[in-house]
Structure formats: C-alpha cells, structure tokens
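Q: To start, I am sharing the structure in question, which I have written as structure tokens.
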Amino acid sequence: MHFTEPRAAMGALDVFEAAIFAEARTIVDWNARNKFCASCGGSVHSTWAGWKLTCSTLLPWAEDTGKKPCATATGLHNFSHPRTDPVVITAVVDETGDKILLGRNKKWPKNFWSCLSGFNEPGESFEDAVKRELWEEAGVKVWNVRYHSSQPWPFPANLMCGFYATANSNEPLRTDLDNELEEGTRITQQEHREIAASAENSNPNANPDAKDVKSTSAPAQQSSSAPPFKIPPLTAIGGVILSEWAYGRAGPQPVNPKLGNL
C-alpha cells in the first residue's frame, strides 16, 4: 500500500471505485472549506455524518443572549448542503461531421489539446453555457447543442458535463477574447484515430478538462519520445466524447444552422 497523487490514481480506478473516491473527496473538502454560517457568521457543526452543516447558534445550549436569531432558523433553509459545480465541456463538430475543434489552454503543455470547457453561471442552462463559453473563448457560434454524458471530478467538486455542438468550420478562430486559449485547431476523424492509437495516450496522469486549478490539473510534461500531439485519455470525459465522435458513435451532424438554436 502506498499514497499517490489523486488525479493520477483516478486514471487507474474502475467506474465504481472512482465514484466512491469522488464522493468521499468532495465531502471531505466541502466540510474543510465551510466552517462558518454564511448568514450570521457563527460556527457550523456537522450533521448526517458530514452530509449537512447547521449553524451552531441553533443548538439548544448556544449562548445567543442579545443576538437576533440566525436567518437559517426559518423554514427549510437551516441546512447547508454539499455543493457541486457543473462544467460544460463541448466537442464542436463542423457541418460535415468530419472535423472537430480543439483548443490548448495557456496552462497546458504545448503538445496537449482538448475540447473547450467552462463553468456554468448562476441562472444559466447547460445549452446557454455551451454557447457562451465557445463564444467567449474562441469566437465560435454554435447550434444543435446536445448532451452526451457526465463525469464527477472532485477537484474540488466539479461535475464535467459532456456535450456536442455544431459550428461552421470556415469561420476564423479567436484567442484574444478572454486571454485563456493559447491557440485552436481542427482535426479530422482519421487524425484523431491515429493520435489515439499512440500508446502514450493510454497512460493518463490527470483530467485536464477540469478547470478548478489549471496550474495543477494540466498533464505533466511529456518525454522526448512522446507524440507531438496529445489528447485526453478515455478516463476523462473529454477523451470519451472525442472518441465517440471519431468512431462514428456521436450521431449525425446537422447541415443547416436554421434547424434550431439547441
């Protein structure tokens, strides 16, 4: 038995074990970060084995003389529940279905490329988040946004939600909008299959799709024998949606933007 870096360990766990680890790490991290009531500033105490936090001023023996009751004592708002931060990650396919958009974050190694992603904002649907993120990061207008699958990523509490969307590949890409994207490119299905066939891509050491701490979540630098172009492994949701597209399992792509906004 030995300790190891958790992002690297996630790549070697099966689905069941990865889910247990994601749940445990998220709950531990949430309890460690939240020590005080967001309403009155009083300390909180753990209930339900760490699944809920309650303001300590509500305890029968709390010394609250001369203080107003905490607002969390009213109604059903007296509990604080573990949070989950959804992130949309999108495989943007052109109208022919044969090209896909990849980007390289400035924090990543120069040979690593992945799908574009970003956090959901308050009051925003997943579909709107996909459209906004693609426009903000690359100046790309997308339509026909459709969900594929998701992956818990507990660094600290992300839920990576994978989508497909369609865009016009003739429109130029921009990297000067939010200063996050170093460069963008488009590859074909055959190019993806050739890259994925490399043995280097079968040994993941991180999930670069997660956007919590970019400086530490990016993959480690590759050796001189590594391929000049690297993509996410199948242990990351980005690798899954890219692979499904490359092998024709992502479904047909629309050819007319007027088919709809989603």
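Q: Taking Gly123 as meeting all but one of (1) of a type outside the set (Phe, Trp, Tyr); (2) surrounded by 19 or more Cβ atoms within 10 Å (Cβ to Cβ); (3) at positive phi, write down the number of the exception.
A: (2)
Q: Consider segment 103-143. How many of its residues are in contact with a Ser or Thr (Cβ under 6 Å, 6 or more places away or on another chain) and modelled with pLDDT under 95?
A: Selection size over segment 103-143: 1.
Q: Which members of segment 74-117 meet the condition of being hydroxyl-bearing (Ser, Thr, Tyr), surrounded by fewer than 18 Cβ atoms within 10 Å (Cβ to Cβ) and farther than 30 Å from Ser46 by Cβ?
A: The answer is Thr96, and nothing else.
Q: Continuing with the same structure: Against the condition basic (Lys, Arg) and modelled with pLDDT of 90 or more, how does Lys68 come out, does it pass?
A: Numbers: basic (Lys, Arg): yes; modelled with pLDDT of 90 or more: no.
No, not satisfied.
Q: Considering segment 81-116 alone, what residues qualify as being assigned to a loop (DSSP other than H, G, I, E, B) and hydroxyl-bearing (Ser, Thr, Tyr)?
A: Matches in segment 81-116: Thr84, Thr96.
Q: Is there a residue being at pLDDT 90 or above and under 24 Å from Phe126 (Cβ atoms) anywhere in segment 34-52?
A: no
Q: Name the one entry in Ala18, Ala32 that is outside the structural domain of Gly184 (by TED's automatic domain parsing), in contact with a helix residue (DSSP H, G or I) (Cβ under 8 Å, 6 or more places away or on another chain), among the small types (Gly, Ala, Ser) and outside any loop (DSSP other than H, G, I, E, B).
A: Testing whether each residue is outside the structural domain of Gly184 (by TED's automatic domain parsing), in contact with a helix residue (DSSP H, G or I) (Cβ under 8 Å, 6 or more places away or on another chain), among the small types (Gly, Ala, Ser) and outside any loop (DSSP other than H, G, I, E, B) leaves just Ala18.
Q: Could you please let me know if Pro82 is within 30 Å of Thr185 (Cα to Cα) and in contact (Cβ under 8 Å) with a residue 40 or more places away in the chain?
A: Answer is no for this residue.
Q: Can you name the residue in segment 170-188 that is among the hydroxyl-bearing types (Ser, Thr, Tyr) and modelled with pLDDT of 90 or more and, of all such residues, is nearest to Asn111 (Cα to Cα)? Give the steps one after another, and end with the answer.
A: First, pick out the residues of segment 170-188 that are among the hydroxyl-bearing types (Ser, Thr, Tyr): 175, 185, 188.
Then keep just the ones that are modelled with pLDDT of 90 or more; that gives 185, 188.
Values: Thr185: 12, Thr188: 17 Å.
Within segment 170-188, the match that is nearest to Asn111 (Cα to Cα) is Thr185.
The values are calculated or read from the model by the stated rules, or taken from the named source; none is laboratory data. Remember, it's a predicted structure, so these values are computed and weren't measured experimentally. Methodologically, a virtual Cβ is constructed for each residue, glycine included, from the backbone with ideal geometry; neighbour enumeration extends over all protein chains shown.
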